[in-house]
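K.L.:
Below is one structure. I have some questions about it.
The values are calculated or read from the model by the stated rules, or taken from the named source; none is laboratory data. Quantities reported herein were computed from a predicted structural model and do not represent experimental measurements. Note: ideal-geometry Cβ built from the backbone for every residue, glycine included; neighbour counts use all protein chains shown.
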Amino acid sequence: MIQIEDYDMPITVAEKIVSGTKEVTLTPMMQTIRTAVTGEDLGDKNTEDMFELEEIKEIAEYLLVYYEAHQNGD
């Protein structure tokens, strides 16, 4: 989960977006496959990236458009 605090610096917010993860629940079949591949039984919990690279690009483009529309004030 990503949590942005009131006084986070912009670079901190960007880092949270880039490195954020979310918890996903695996099906029994996926658990079996993961255990077979990794040799570890981690139960039904796993994490994955919050955003894929394409989604991060979309966020960046949105922020740039916002900036360009507001750089001279509202």
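K.L.:
Restricting to the range 1-23, count the residues that are surrounded by 10 or more Cβ atoms within 10 Å (Cβ to Cβ) and of a type outside the set (A, V, I, L, M).
P.N.:
Number satisfying all stated conditions: 8.
K.L.:
Do we have E40 as of a type in the set (D, E, K, R) and either surrounded by 10 or more Cβ atoms within 10 Å (Cβ to Cβ) or in contact (Cβ under 8 Å) with a residue 24 or more places away in the chain (or both) here?
P.N.:
Details: of a type in the set (D, E, K, R): yes; either surrounded by 10 or more Cβ atoms within 10 Å (Cβ to Cβ) or in contact (Cβ under 8 Å) with a residue 24 or more places away in the chain (or both): no.
Considered against the rule, which asks whether it is of a type in the set (D, E, K, R) and either surrounded by 10 or more Cβ atoms within 10 Å (Cβ to Cβ) or in contact (Cβ under 8 Å) with a residue 24 or more places away in the chain (or both), E40 comes out as no.
K.L.:
Let me ask something else. I'd like the full set of residues that are of a type outside the set (A, V, I, L, M) and modelled with pLDDT under 95, limited to the range 1-18.
P.N.:
Going residue by residue through the range 1-18, those that are of a type outside the set (A, V, I, L, M) are 3, 5-8, 10, 12, 15-16.
Of everything in the range 1-18, just one residue is of a type outside the set (A, V, I, L, M) and modelled with pLDDT under 95, namely Q3.
K.L.:
Among the residues of the range 19-68, what is the count of those that are among the aliphatic types (A, V, I, L, M) and at pLDDT 95 or above?
P.N.:
The first filter runs over the range 19-68 and keeps only residues among the aliphatic types (A, V, I, L, M), leaving 24, 26, 29-30, 33, 36-37, 42, 50, 53, 56, 59-60, 63-65.
Imposing the further condition that a residue be at pLDDT 95 or above reduces the set to 53, 56, 59-60, 63-65.
Residues meeting the conditions: 7.
K.L.:
Any residue at all in the range 53-70 that's of a type in the set (K, R), without any contact (Cβ under 8 Å) to a residue 12 or more places away in the chain and part of a helix (DSSP H, G or I)? Reasoning before the result, please.
P.N.:
Kept after step one, since they are of a type in the set (K, R), are these residues of the range 53-70: 57.
Restricting the remaining residues to those that are without any contact (Cβ under 8 Å) to a residue 12 or more places away in the chain gives 57.
With part of a helix (DSSP H, G or I) added as a condition, the list becomes 57.
Among the residues of the range 53-70, at least one is of a type in the set (K, R), without any contact (Cβ under 8 Å) to a residue 12 or more places away in the chain and part of a helix (DSSP H, G or I), which makes the answer yes.
K.L.:
Right, here's the next one. Pairs, please: C-beta under 8 Å, at least 6 apart or cross-chain, first residue among the charged types (D, E, K, R) and in the range 10-28, second surrounded by 12 or more Cβ atoms within 10 Å (Cβ to Cβ)?
P.N.:
If the second residue must be surrounded by 12 or more Cβ atoms within 10 Å (Cβ to Cβ), the pairs left are K16/I2; K16/D8; K22/D49; K22/M50; E23/N46.
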